[in-house]
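Enquirer: I'd like to ask some things about the structure below.
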Amino acid sequence: MKNWIDELKRVLTPKQVLTELADRHSYSFDASFGEYLPEAVVQVKNKYEVASVLKAANEFHFPVYPRGKGTCLSGGPLPVHGGVVLDLSQWPEQIKVRPEDLTVVVSPSALPANINQAAEEYGLMYAPDPSSAHVATIGGNLAENSGGPRGLKYGVTKDFVLGLEIVTPEGEITWTGGKTIKNVTGFDLTKLIVGSEGTLAVITEATLKLLPKPPAVQTMMVSFKDVRSAGEAVSKTLTSGILPSKMEFMDQACIRAVENFQPAGLPIDAEAILIIELDGHPEGIAAELEIVEKIMIDLGASETIVPGNPEEAARIWHARKQVSPAIAQIKPTKVSEDATVPRSKIPDMMESLQAIKEKYKVEIFVFGHAGDGNLHPNILCDKRDQEEMARVESAVEEIMLAAIKLGGTLSGEHGIGTLKAPFMEAAIGKVGLDMMKRMKESWDPNNILNPGKIFPGQVQRLVLRNE
Amino acid sequence: MSDLQALRKQVNYDKTFDCVQCGYCLPVCPTYETMKRETHSPRGRIHLVKMAGEGKITIADLKEPIEKCLGCMACTTICPTNVQYGRILEGAKEAIEQQEVKSGFQRKTEQFLFDRVFPSSRWMGTLGNAAWLYQKSGMRKLAQVTYLTSASPLNVSRFEKAVPDQPGPLERSLRKHRIRPDYKLRMTVAFFTGCVMDGVFFDTNQNTIELLRLSGAEVVVPRQQTCCGALHSHAGKSATAEELAVRNMEAFDLEEIDYIVNNAGGCGAKMTEYPHLFERGTYWHERAEDFSEKVRDISEVLVELNGLEFTEPIERTITYQPSCHMTHVQRVSEPPLLLLNQVRGLKLRPLKRPDFCCGSAGIYNLVNYDESMKILDVKMDDVKEKRPDAVITTNPGCLIQMRVGIERTGLEKKMEAMHLVDLLMEAGPVPK
């Protein structure tokens with residue numbers, strides 16, 4: 001029988017197929033949990049190579065795990081059943097802006113930050129802004145349907161995709177959608193592929209929508225003495241006829257962690273702060289700013305700060321960006337959750353989190369995109385401490401169930417991957433899960449693409465311990 | 001202690017847990033960019049060290065990824081969680097060095113270079129003198145034409161043209177060991193000569209002393225000083241590095257001086273890290289802390305003294321290639337720019353990616369020639385776009401490498417590489 005690694009070296013070139021132990025281990029992880037050793041790493045640079053790999057995979061029955069830069073927080077690219085990691089990050093970056101169509105055509109390896117930068121040259125913008133936009137690939141963003149702070153006003157990755165070129169799990173090259181804003185020709189396969197976490201197709205090109213870049217932005221920072229008022233301030237603002245581009249939330253634990261790590265002048269006595277950004281025409285945002293400020297004060301804000309220049313505003317946003325590194329100093333392992341609830345339920349979710357924190361004696365820090373109900377409760381722990389990790393597992397499980405109970409969902413923007421698969425049935429129901437499984441089976445009869453993700457396997461509960 | 005536990009201690013296994021694998025280091029890593037795989041990225045290397053600490057891979061598996069790291073430390077500046085990559089890297093190098101069976105030739109060459117040449121100012125002086133004889137006698141031309149030097153090991157021949165004209169032995173031996181300023185005495189500093197700087201860039205060292213003197217500093221040049229040990233540390237020879245550090249600490253009388261001044265970004269970085277070489281709480285650790293607190297780059301001291309006026313305008317377009325170790329380890333980046341801004345007529349065109357390493361990295365360009373040249377080519381593309389007539393650097397390795405780069409791109413008639421100090425001397429410095 002032919003060896004499948006030899007077959008890959010034959011259909012590609014030998015140097016595109018990495019089999020050294022050090023190389024394999026270097027693609028065994030992402031930014032989430034666990035490590036799984038692939039048997040080979042294959043670096044592809046065009047759609048024909050992707051098609052060849054998938055054809056070989058169907059012939060020899062080995063799993064294929066597409067991977068961008070491996071910044072995933074839910075285990076998307078982890079080769080849980082071995083096989084091949086399909087590295088798309090070395091594909092030559094292509095970003096072709098079509099200003100007259102307000103679209104851009106990109107290769108899967110393009111960085112979202114570079115796409116936005118290219119658009120800005122024409123006075124346009126690519127709105128989705130996940131914090132890893134300068135590292136991650138658009139391919140990974142599409143597969144995981146990434147969000148970011150600006151999701152509040154502009155939507156997430158899926159809202160910006162007009163068409164895709166894909167390779168099917170059986171190795172056929174085809175396309176979905178098109179280049180037009182309106183398109184009702186058959187099933188919307190584009191939306192199905194986006195967010196399917198690499199289980200239904202390998203994306204080899206995407207046509208994305210661009211928007212005019214707002215001419216001005218205005219930041220404000222508001223402190224609150226209690227979390228509930230901060231939550232109410234979010235709802236009140238959003239029903240006042242104003243849609244800010246960002247509404248970010250930090251709890252007291254996060255504020256203090258940032259001040260200990262890199263003092264930024266945040267109010268350490270505040271129970272919560274909101275950082276708000278308005279965008280639009282300067283006259284428009286000046287008027288909106290007054291309204292928002294009044295709402296904040298009416299709801300009992302203890303302090304509102306309106307930076308007078310871009311540098312001061314940048315300092316506030318820098319402090320927000322420091323939350324992740326600052327809390328990572330506290331303990332080595334960070335379990336980053338992104339359970340999302342309807343916006344009106346943020347205060348209830350905050351109360352649930354507080355109760356869970358006390359019940360399991362775990363350190364929970366909460367920050368995130370309050371405007372769209374997408375909170376990031378982060379549990380800081382040490383994965384070498386088995387007893388602590390068991391408590392963390394229980395706490396995470398309860399966070400998921402709390403979000404579902406409040407009418408929310410498991411993941412706002414990180415994806416299901418390996419970590420949240422055990423909760424799928426609770427989140428979408430038996431029938432819903434079965435429909436998804438049937439779709440997967442018909443798209444990918446040999447279960448080649450990213451097996452072991454999204455759908456729960458034998459293990460029906462969250463596992464963060466690997467020894 | 002079991003073997004694995006000992007290895008974990010050696011490679012700083014515990015520190016690998018500080019990495020949250022976010023990948024923010026990928027866009028700034030030169031070898032990830034040119035070698036195009038995660039194996040040659042900081043995140044990949046940290047993970048591999050962790051795997052070695054868990055016995056999942058061997059030290060032999062670790063060798064290639066670790067040895068191909070430049071050690072430029074650009075990743076440590078960008079890292080959001082402050083992973084101590086330098087400690088992990090040097091621990092891994094030490095483990096490789098200990099377990100490795102090298103070929104007889106490689107071992108002998110390395111032994112000679114590390115145990116005899118770099119620590120010995122006499123040897124470096126002799127090398128400088130040999131280089132002088134070689135240049136003056138016309139041997140250089142002959143050797144270049146006949147490719148005589150290309151037979152020497154470690155690709156030395158490729159760098160030979162980048163070495164400047166050498167002063168004669170007499171000039172070297174006449175250097176004073178205590179130099180006093182003409183007017184007011186504002187501080188006393190000790191000058192750390194550095195072995196490559198003093199052996200190959202003797203004139204730059206003399207210029208450094210002169211700039212300090214003109215700024216009102218008394219300069220002492222301790223005779224017993226030796227190599228800083230950076231190259232030894234980078235090669236995993238921590239025992240020799242420790243020895244050299246001790247000798248230097250003994251050579252400098254801290255009571256007498258305000259600063260220990262150097263003009264080589266790499267040496268300065270190593271000396272600020274001397275405390276890492278010794279166990280916390282020991283006598284030498286404490287002494288190393290006192291020592292490293294006084295280490296300063298020449299540019300920092302000149303800015304602090306603020307005692308010079310530059311009288312000669314220099315009508316040139318330049319670009320500035322900072323030393324990685326100065327930026328990412330010493331965390332000094334503003335002072336050289338402040339000084340360049342004081343020179344009238346000078347037009348500074350900043351590089352697009354100044355923090356991208358030039359590929360010199362100690363002796364990386366000698367032992368990993370091909371990889372180093374790929375990185376240098378990326379750097380030169382950036383340089384060419386700025387069309388400067390000089391590239392200014394602050395470290396001997398970068399200086400030689402930039403000269404090689406200029407030659408590789410065939411620009412030697414249009415562009416030169418210079419140490420910051422030499423440019424400042426051309427600008428007619430006088431005491432304020």
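Enquirer: Can you tell me which residue within the stretch A:40-54, out of those that are crowded, with 24+ Cβ neighbours inside 10 Å and in a helix (DSSP H, G or I), is farthest from the other protein chains (Cβ to nearest Cβ)?
Expert: A:54
Enquirer: Any residue at all in the stretch A:293-303 that is more than 24 Å from the chain's Cα centre (by Cα), within 28 Å of residue B:83 (Cα to Cα) and either surrounded by fewer than 20 Cβ atoms within 10 Å (Cβ to Cβ) or within 14 Å of chain B (Cβ to nearest Cβ) (or both)?
Expert: No, because not a single residue in the stretch A:293-303 is more than 24 Å from the chain's Cα centre (by Cα), within 28 Å of residue B:83 (Cα to Cα) and either surrounded by fewer than 20 Cβ atoms within 10 Å (Cβ to Cβ) or within 14 Å of chain B (Cβ to nearest Cβ) (or both).
Enquirer: Then there is this: Which numbered condition trips up residue B:63, out of (1) more than 20 Å from residue B:238 (Cβ to Cβ); (2) modelled with pLDDT under 95; (3) within 10 Å of chain A (Cβ to nearest Cβ)?
Expert: Unmet condition: (1).
Enquirer: Let me ask something additional. Could you go through the stretch A:212-220 and let me know if any residue there is assigned to a loop (DSSP other than H, G, I, E, B), at pLDDT 95 or above, of a type in the set (Lys, Arg) and surrounded by fewer than 24 Cβ atoms within 10 Å (Cβ to Cβ).
Expert: Yes; the residues of the stretch A:212-220 include at least one that is assigned to a loop (DSSP other than H, G, I, E, B), at pLDDT 95 or above, of a type in the set (Lys, Arg) and surrounded by fewer than 24 Cβ atoms within 10 Å (Cβ to Cβ).
Enquirer: Restricted to the stretch A:379-391, and to residues that are aliphatic (A, V, I, L, M) and either within 15 Å of residue A:366 (Cα to Cα) or not assigned by TED's automatic domain parsing to the domain that holds residue A:335 (or both), which residue is surrounded by the fewest Cβ atoms within 10 Å (Cβ to Cβ)?
Expert: Among them, the one singled out is A:380.
Enquirer: Just checking, how many residues over the stretch A:82-115 are within 14 Å of another protein chain (Cβ to nearest Cβ) and of a type outside the set (Gly, Ala, Ser)?
Expert: Of the residues in that region, 11 qualify.
Enquirer: Just checking, does the stretch A:21-39 include any residue being over 21 Å from residue A:455 (Cα atoms) and surrounded by fewer than 19 Cβ atoms within 10 Å (Cβ to Cβ)?
Expert: yes
Enquirer: Let me ask something else. Among what's in the stretch B:1-31 and is of a type in the set (Phe, Trp, Tyr) and within 10 Å of another protein chain (Cβ to nearest Cβ), pick the residue that is nearest to residue A:109 (Cα to Cα).
Expert: The selected residue is B:24.
Conditions (1) facing chain A (nearest Cβ under 10 Å); (2) touching a residue at least 24 places away in the same chain (Cβ under 8 Å); (3) touching a strand residue (DSSP E or B) at 6+ places or on another chain (Cβ under 6 Å); (4) assigned to a helix (DSSP H, G or I), marked per residue:
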site: B:44; (1), (2), (3), (4): yes, no, no, yes
site: B:47; (1), (2), (3), (4): yes, yes, no, yes
site: B:56; (1), (2), (3), (4): yes, no, no, no
site: B:72; (1), (2), (3), (4): no, yes, no, no
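Enquirer: Of all the residues that make up the stretch A:1-33, how many are out of contact with any helix residue (DSSP H, G or I) (no Cβ under 8 Å at 6 or more places or on another chain) and within 14 Å of chain B (Cβ to nearest Cβ)?
Expert: 7
Enquirer: Output the number of the condition that residue B:80 fails; it satisfies all remaining conditions of (1) more than 7 Å from chain A (Cβ to nearest Cβ); (2) at pLDDT below 95.
Expert: (1)
Enquirer: Do you know which residues across the stretch B:32-42 are touching a Lys or Arg at 6+ places or on another chain (Cβ under 7 Å) and at the interface with chain A (Cβ under 10 Å from one of its Cβ atoms)?
Expert: Correct list: B:40 only.
Enquirer: Which of the residues spanning the stretch A:116-144 are over 19 Å from residue A:245 (Cα atoms) and more than 13 Å from chain B (Cβ to nearest Cβ)?
Expert: Across the stretch A:116-144, the qualifying residues are A:118, A:121, A:122, A:138, A:139, A:141, A:142, A:143, A:144.
Enquirer: What number of residues within the stretch A:12-60 satisfy the criterion of being at pLDDT below 95 and either in contact with a strand residue (DSSP E or B) (Cβ under 6 Å, 6 or more places away or on another chain) or of a type in the set (Gly, Ala, Ser) (or both)?
Expert: Residues flagged as at pLDDT below 95 and either in contact with a strand residue (DSSP E or B) (Cβ under 6 Å, 6 or more places away or on another chain) or of a type in the set (Gly, Ala, Ser) (or both) within the stretch A:12-60 amount to 3.
Enquirer: Taking the stretch B:335-368 on its own, how many of its residues are among the acidic types (Asp, Glu) and under 19 Å from residue B:427 (Cβ atoms)?
Expert: 0
Enquirer: Name the one entry in B:215, B:233 that is in contact with an Asp or Glu (Cβ under 6 Å, 6 or more places away or on another chain) and crowded, with 17+ Cβ neighbours inside 10 Å.
Expert: B:233
Enquirer: Restricting the search to the stretch A:221-237, which residues are more than 23 Å from the chain's Cα centre (by Cα) and either outside any helix (DSSP H, G or I) or aliphatic (A, V, I, L, M) (or both)?
Expert: A:221, A:222, A:223, A:224, A:225, A:226, A:227, A:230, A:233
Enquirer: Inspect the stretch A:359-366 for any residue being crowded, with 19+ Cβ neighbours inside 10 Å and touching a His at 6+ places or on another chain (Cβ under 8 Å) and give the result as yes or no.
Expert: yes
Enquirer: Collect the residues in the stretch A:225-264 that are surrounded by fewer than 24 Cβ atoms within 10 Å (Cβ to Cβ), at pLDDT below 90 and small (Gly, Ala, Ser), keeping them in residue-number order.
Expert: Matches in the stretch A:225-264: A:235, A:264.
Enquirer: With A:84, A:104 as the choices, which residue is among the β-branched types (Val, Ile, Thr) and under 26 Å from residue A:445 (Cα atoms)?
Expert: Being among the β-branched types (Val, Ile, Thr) and under 26 Å from residue A:445 (Cα atoms) holds for just one of A:84, A:104, which is A:84.
Enquirer: Can you tell me which residue is farthest from the other protein chains (Cβ to nearest Cβ) among those in the stretch A:315-354 that are of a type in the set (Gly, Ala, Ser) and part of a helix (DSSP H, G or I)?
Expert: The selected residue is A:344.
Enquirer: Does at least one position in the stretch A:70-86 carry a residue that is under 29 Å from residue A:389 (Cβ atoms), crowded, with 23+ Cβ neighbours inside 10 Å, aliphatic (A, V, I, L, M) and touching a Phe, Trp or Tyr at 6+ places or on another chain (Cβ under 8 Å)?
Expert: Looking through the stretch A:70-86, at least one residue is under 29 Å from residue A:389 (Cβ atoms), crowded, with 23+ Cβ neighbours inside 10 Å, aliphatic (A, V, I, L, M) and touching a Phe, Trp or Tyr at 6+ places or on another chain (Cβ under 8 Å).
Enquirer: Same structure again: Does residue A:83 qualify as being more than 12 Å from the chain's Cα centre (by Cα) and either at pLDDT 95 or above or in the same structural domain as residue A:374 (by TED's automatic domain parsing) (or both)?
Expert: Yes.
Enquirer: Continuing with this model, one more query. Looking for whichever is more than 9 Å from every other protein chain (Cβ to nearest Cβ), in a helix (DSSP H, G or I), modelled with pLDDT under 95 and crowded, with 22+ Cβ neighbours inside 10 Å here; the options are B:93, B:108. Which one fits?
Expert: Result: B:93 is the single residue among B:93, B:108 that is more than 9 Å from every other protein chain (Cβ to nearest Cβ), in a helix (DSSP H, G or I), modelled with pLDDT under 95 and crowded, with 22+ Cβ neighbours inside 10 Å.
The values are calculated or read from the model by the stated rules, or taken from the named source; none is laboratory data. Predicted model only: the values in this text are computed from it and were never measured. All Cβ positions, even for glycine, are placed from backbone atoms using ideal geometry, and neighbour counts span all protein chains on display.
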